[in-house]
Structure formats: C-alpha cells, structure tokens
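Quick note: the coordinates plus some simple rules give every number you see, no bench work behind them. Predicted model only: the values in this text are computed from it and were never measured. In this analysis, Cβ positions are derived from the backbone assuming ideal geometry, glycine residues included, and neighbour counts consider all displayed protein chains.
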Amino acid sequence: MRFETGLYEHAAKLIGCTPSQVSRDGDLLFQAHAAAYELYQHTPVVVGIDLYNIEAELLGSQVLLPDGDAMPSIGAPIFQSLSDMSRHVDSQPFAGGRVEMMLTAAVKMQQAFPQAQVLVPVTGPFTLASLLLGLENLLMLAIENTEKTEQALQHLSAWLTHYCETIAAHKLKIVVFESAASPPMLSPSMFAEVALSPLRNLLGAAHRCTGDRASCIIGGNTALIAQDLAQSGAGSLICPFETDQEKFLQEIAAFPQIDVRVNVDPRVFLQKNPRLALREAERACHLVHRREMACVGTGVIPFEAEPETVLAVRDFVLSQR
C-alpha cells in the first residue's frame, strides 16, 4: 500500500529554520525538502512552504512573515472588485521573484532525486481570488452576481494556464490547491455554479501542458462536492480527515480511475508515542482496502511533528497488503 504525505513547514524544522526563513531563500528551500525526502522517502514531493501565497504575491499582495513556527500569510486584500482583479492579472508574467526561486528549487530536487515525484503547486482560481479580494468579499460578490464571478474566475484560470506552461517548460509536474472553495466556506451549489468550471479548465490546461492529470487538493467537508470533484478532470483527489470519509468514498465509487488519498488526523503526529497514530493509520487502511486506486496519506504534517511517529505510520502503511 502506498503512503503519501505533505511536508511544508515541517521540512523547514528539519533543517533548524522557521517557515518564513525557508520561504524566502531558494537554497534553504532545496535543503529543507532534500532533508525531508532523505528522511521520509515520501511521495509526492511538493516544493514550497506557503504554497497558496506565490501567485497572489506576484500580483502585488503583501506576504506577512511571522517569527517562529507560524506560516507566512497574505495581508490585506489588494482588490475590491472583480473587474479590478481581472484587469490587473493580464499584465503580470510568471517570471522572477519567488516563482523563479521555487521552480529552481524544484528542478534541483528532481535532479538530486530522480526517483522522486516532484510537483510544483498552483493555486486554484477561487482560492487565488479569495486572497486577492478577501474571502468574505468574494462570497458576497458571488451571491450578488454568480455569472460575473464565474467569468472573473475563468479569467484567473486562463492566467494560471500560463503558469502551467512555465512549469511544464521546466519539465516538472503540477498539483492544484483549491481549498478555499470547499464547504462549508462555499456551499455545494455555489461550488458547482462558480468554482467548478474554472477549476476544470485549469486542470485541463495542466493535463495538456504536462501530459499528466494533475492532483487536486481540496480540504474541508468535500464529501458534499465529491461527485463534482470527480468530474473536474483531476487525476487524484484527497479524502480529507475532516469530512465524512465513508460518504466521500461512496460518492466517487463510480469513478474508479481517480486515485484517492485517504488522510489520517494530522494531530496524531505531534505525539512521541505512536500508538494512537498507528490506530489512526489502521482505520485509514481499512477504508483504502475498499478501492483499487487509493492510498493512505497525512495531509499537512505539523511543524512540530515527531519524525519517529511519522516514520512509524509510514512503515505500517507500507507493510499492508
């Protein structure tokens, strides 16, 4: 059985740095992910720390850099209207800055570890819009004018397609993160009306650029939108710990071609004693055995996770048949 994990801020801890430090330094970014891979031999390797901030920063958003183990975050929204946002993205190429830093680190990872599956994160249209406009403002705009909001997200999706082309030019693969579109933040009906088509177009672009169907990462209560996600064009999906995992798997049973990662509760990795973590892994393995295209995963490993516990869970999952 396969084991997948998400290592971002925890990778920074492995080299004795804060997430903020690693997020701004290409050499540290490579060193952190290299150290994590050498320890965990995990898959996939998603190169980055504050994954959702890259495109928003490129468009002019300020990234706040806290001390300690807290993650960098986007400051105040820079746009008030959908039209302002749409006009601005046309003029911004995917070059320089942290885009170039992250792509360079990803290329170095692929060269250093050719056996690894190295992926570059791309922020989904709805999630990017929520950072640029503010989530509450975006939700109000979507309620007031669903059609105009969907068109603005399509505009973002078209712009993000150029990022997919840039990533593919570096011979790297893509994973799309769209968690702001998940219930309960966005209702299932609004997801279908506003967010699904732009997401589908972005995933289609990633497929055309790289030849592979990209993974789509959406946390939250996704059992409510599982069938829509299954028809988004994603090659793989996560079954988040925070949703009804039984229902999620039932909802996508008619889509056996999609790989599904059943996540365990990430809080178990904070404990030195792996007993609870192994019990949680056993629960997830029981669900995974019901589906041919499935694996056990962790979601985001916390900064302060205990490596011995992560390794114990990994070894347990890999031992299952």
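Annotations for the structure displayed:
- Site pair Gln320 and Thr104 shows an inter-label distance of 4.1 nm when each label is modelled 7 Å from Cα along Cα→Cβ.
- Of the peptides 261-272, 68-79, 213-224, the ranking by mean beta-carbon count within 10 Å, highest at the top, reads 213-224, 261-272, 68-79.
- Net charge dipole size for the stretch 165-231 [Lys, Arg +1 and Asp, Glu -1 on Cβ; Debye, nearest 20]: 260
- Ordering Ser319, Ala168, Thr123 by the projection of their Cα atoms onto the charge dipole of the chain, which places +1 on the Cβ of Lys and Arg and -1 on the Cβ of Asp and Glu, puts Ser319 at the extreme positive end.
- Membrane-span-like helices in the chain, defined here as complete DSSP H runs extending at least 30 Å along the helix axis by their C-alpha atoms with mean Kyte-Doolittle hydropathy no lower than -1.0, are 146-169; this is a sequence and geometry rule, not a statement about a membrane.
- Calculated Rg and Dmax of the stretch 90-247 using C-alpha coordinates, Å: 15.7, 50
- Highest mobility in the GNM of the chain, judged by mean-square fluctuation with C-alpha springs under 10 Å and restricted to Ala105, Ala11, Ala253, is found for Ala253.
- With a simple spin-label model that places each label point 7 Å from the Cα along the Cα-to-Cβ direction, the separation between Glu147 and Ala95 comes to 3.8 nm.
- Computed E for Phe113/Asp25 - FRET, C-beta separation, R0 22 angstrom, nearest 0.05: 0.65
- At an R0 of 30 angstrom, the distance between the Cβ atoms of Ser189 and Ser83 translates into a FRET efficiency of 0.75.
- Given charges at Cβ of Lys, Arg, Asp, Glu: the stretch 135-193 dipole, positive-most of Ile143, Ser182, Ala158: Ala158
- Only the Cβ atoms of Lys and Arg (+1) and of Asp and Glu (-1) were treated as charged; on that basis the dipole of the chain about its Cα centre amounts to roughly 800 debye.
- The helix-only estimate of mean residue ellipticity at 222 nm for the chain, built from DSSP H runs of length n ≥ 4 each weighted as -39500 (n - 2.57), is -14500 deg cm²/dmol after division by the residue total.
- Once both labels are positioned 7 Å from their Cα atoms along Cα-to-Cβ, the gap between Ala76 and Arg275 label points is 5.2 nm.
- Ranking Met71, Val260, Thr222 by Cα position along the charge dipole of the stretch 3-319, where only Lys, Arg, Asp and Glu carry charges on their C-beta atoms, puts Val260 farthest toward the positive end.
- Size of electric dipole in the stretch 128-243: Cβ of Lys, Arg +1 and of Asp, Glu -1, about Cα centre, debye, nearest 20: 480
- Correct choice for Rg and Dmax of the Cα atoms in Å that was computed from the model, options [x] 21.2, 65; [y] 27.8, 101; [z] 18.7, 53: [z]
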